[in-house]
Amino acid sequence: MRIVFKTDYMQDIRPWKDRYQLVLYLLLLTLMLAAPFVIDAFYLGELNNVLIWAIAGMGLMVLTGHTGQASLGHAAFLAMGCYTNIILMEQGLPFMLAFPLAGIITGLVGMVIAIPALRLHGIYLAIATMAMSILVDDIIVLTEPWTGGVGGKYAPSVNVFGIMIDRWGTPREFYYLTLGVVVVVTLGYINILRAPLGRSFIAVRDSEVSAQAIGIDVARTKAISFGISCAITGLGGALMGLFAGAFNNETFSVIISIELLMMIVIGGLGSIHGAFFGAIVIGFLPQFLSLSKEWVGSVFGGSNVAIPGLEFGVFGMILIAFILFEPMGLYGRWLKVRTFFELFPFYRKDMFKRQKSYLKTERLR
Amino acid sequence: MSFLELKDVTLKFGGVTAVDNLSFSVEEGEVFAIVGPNGAGKSTVFNLISRFYDPHNGSIKFDGHDLLKSKPSGVAAFGVARTFQNIELFDQATVLENLLVGRHRHRQSNFLTELFFTPSVKKQEVQNRHMVEEIIDFLDLQAYREKRIAGLPYGVRKVVEVARALATDPKLLLLDEPASGLSVEETTDMRWWIDDIRRQMGITVLMVEHDMGLVSGVSDRVLAMADGAKLALGTPVEVQSDPAVIEAYLGHVA
Ligand SMILES: Nc1ncnc2c1ncn2[C@@H]1O[C@H](COP(=O)(O)OP(=O)(O)O)[C@@H](O)[C@H]1O
Ligand SMILES: [Mg+2]
């Protein structure tokens, strides 16, 4: 059993509760830093991919997990970040400038797009944002002179502090670039969550009326959340483009939007951890499936038949299972396991049971 | 001029006149109660003050400000805080986080300083925490500080909502049925707290309440409403003995 004694307000304000937790995260960071020397190039690439998805996941998590606004359109912002980064570099800007600018521009555009979308709630917002994701395909084709249209574009190698980095030539350096972005984004995200802005996101998510009564401008808060969300997603998109090497109008399809949303639901809505857990699932699912297909093939005979849409189908089934049995996602499951050990032997089975919630109709009367 | 002043306020929902040409004013430092049968329009009066609805007619002024010129999110800045009849807390957050949200109107930081969590933000957070802890002590919420709202009993949630309203450091506190659903002991606690909120903190209280024991115990003046209009206004004793009130409201009880 582990008990955290609190003797200072800073214990709740700083990002870690106690030294034990700090050591744990530093250890994780060390492992991540050591990874290129431990695992082979293939798995390093996979890990890199997972980290990029985690960045995109954090982007959507700000909006959906913390502000409660569903979006099925975030692939549009991945695309935007990706193309903005490349186009700015083609205009002669160095990567170190083009990359953050791609994030900022995507964020600002997201905020502007948010203003009409903010009148919509729940499923309507999801549908409107989904339309955006479908539109972006056409926009890329229509703006061919800049985007290369259907023919697409190739990602150049980028210069980071004088080191030329590209996905195939220097996978280790590319990995460190991604890791650096992950660390910076995560720290910024943590900072916002422990400050008034992050709390106003949560307030808007849980009750718009009382957020308003407390002095939070709901529309403004949603727009800011949209902006931050799109900025992070844009950074993720820029890295995704560089990682893919080549991309065109079909790279960031609406399927990617859906996958991104599923990913954070499976990972656990409303926590930064959730974005990472979800990214691990989405990153390693294809490997897992091909391994299990081989296994099924070897046990039951028959060759490796290709089943179209298998990956997506399995993903959907995992999602449904989570919504039914573990609405708090993988992170929620992890919390339960951790609490079990921390409280051992005092864990009660219904510790995380949700109280009956009251109907929210007629809530103002 | 009065502290809070409603003049000839009318609000209709389709065919229903929820508030009908209502005028009353609340003086600084008093506890003012609104009573009346269900559907009388009491909560609607609160929602009008909170600017959730635009009245068809009339004016609402608070502390020299014309509230009708303000956005719903601007009312808190004048020092008005409220609770809701059906409890509107941030369910997935802890009690502490709920109260810290209450500090929002005192925010000095902006997006950039918060992104880097500068020393000034840190200082502000420590101060917010300090203010919130005083309210936690005042309302005896220490045991629930780290608990999520979603798992808390009803009675505790009622108190947390009052605490969150107090965290905004208001001049006027609107309480919509603070004792409904509470046990006898919890109601007694609430009574003393309302007394202390007025006496120790110097906050003016406007409340809607059905429990006549609580109403006569703490309030200086009472407004009785029926069908959106004023029936009677006076001390608790005067209102309770008013024939129109006995007929419309207490008549059902007796
Ligand atoms: N948002 C709304 N839409 C339509 N009718 C409403 C709304 N809010 C309140 N009403 C109606 O206004 C009248 C007054 O309601 P309310 O102020 O909640 O009463 P009280 O709080 O005194 O019980 C009731 O007839 C109620 O049905
Ligand atoms: Mg009511």
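The values are calculated or read from the model by the stated rules, or taken from the named source; none is laboratory data. This one's a predicted model, so the numbers in the text were calculated from it and none came from an experiment. Cβ placement follows ideal geometry from the backbone for every residue including glycine, while neighbour counts extend to all protein chains displayed.
Per the conditions (1) of a type in the set (A, V, I, L, M); (2) buried (at least 24 other Cβ atoms within 10 Å of the Cβ); (3) not in a helix (DSSP H, G or I), the sole criterion not satisfied by A:V4 is (2). In the set (1) within 10 Å of chain A (Cβ to nearest Cβ); (2) out of contact with any strand residue (DSSP E or B) (no Cβ under 6 Å at 6 or more places or on another chain); (3) farther than 26 Å from B:V218 by Cα; (4) of a type outside the set (V, I, T), the condition left unmet by B:E161 is number (3). In region A:7-42, how many are more than 23 Å from A:F340 (Cβ to Cβ), of a type outside the set (D, E) and not in a helix (DSSP H, G or I)? Qualifying residue count, region A:7-42: 5.
How many residues does region B:136-157 contain that are in a helix (DSSP H, G or I), of a type in the set (D, E, K, R) and within 13 Å of chain A (Cβ to nearest Cβ)? The number of residues fulfilling the criteria is 1. If you go through region A:169-177 one residue at a time, do you hit one that is more than 7 Å from chain B (Cβ to nearest Cβ), at negative phi and not in a helix (DSSP H, G or I)? Yes, the conditions are met somewhere in region A:169-177. Only one of the numbered conditions (1) touching a helix residue (DSSP H, G or I) at 6+ places or on another chain (Cβ under 7 Å); (2) among the hydroxyl-bearing types (S, T, Y); (3) more than 14 Å from chain A (Cβ to nearest Cβ) is violated by B:T168, and that is (3).
Every residue in region A:283-325 that is at pLDDT 75 or above, more than 26 Å from A:G45 (Cα to Cα) and of a type in the set (G, A, S), please. A:A321, the sole residue that qualifies.
One residue stands out among those in region B:56-71 that are touching an Asp or Glu at 6+ places or on another chain (Cβ under 9 Å) and either surrounded by 21 or more Cβ atoms within 10 Å (Cβ to Cβ) or more than 8 Å from chain A (Cβ to nearest Cβ) (or both): the one that is farthest from B:L206 (Cα to Cα), which is B:N57.
Which one is nearest to ligand 1 (Cβ to nearest atom), of the residues in region B:158-187 that are part of a helix (DSSP H, G or I) and surrounded by fewer than 16 Cβ atoms within 10 Å (Cβ to Cβ)?
Residues of region B:158-187 that are part of a helix (DSSP H, G or I), as a first pass: B:158-167, B:184-187.
Keeping just the survivors that are surrounded by fewer than 16 Cβ atoms within 10 Å (Cβ to Cβ) gives B:184-185.
Numbers: B:V184: 23, B:E185: 25 Å.
Checking each candidate, the answer is B:V184.
Screening region A:205-303 for helices (runs of 4 or more DSSP H) wholly inside it with 2 or more residues that are more than 30 Å from B:L166 (Cβ to Cβ) returns the ranges A:218-244, A:254-267, A:272-300.
Counting only residues that are in a strand (DSSP E or B) and within 16 Å of ligand 2 (Cβ to nearest atom), how many does region B:39-92 have? Can you show your working first?
In the first step, residues of region B:39-92 are kept if they are in a strand (DSSP E or B); the result is B:57-62, B:65-66, B:80-82.
After this cut, where a residue has to be within 16 Å of ligand 2 (Cβ to nearest atom) as well, the list is B:82.
The number of residues fulfilling the criteria is 1.
Screening B:G36, B:G29 for residues that are closer than 18 Å to B:R221 by Cβ, within 16 Å of ligand 2 (Cβ to nearest atom) and more than 12 Å from chain A (Cβ to nearest Cβ) leaves exactly one candidate, B:G36.
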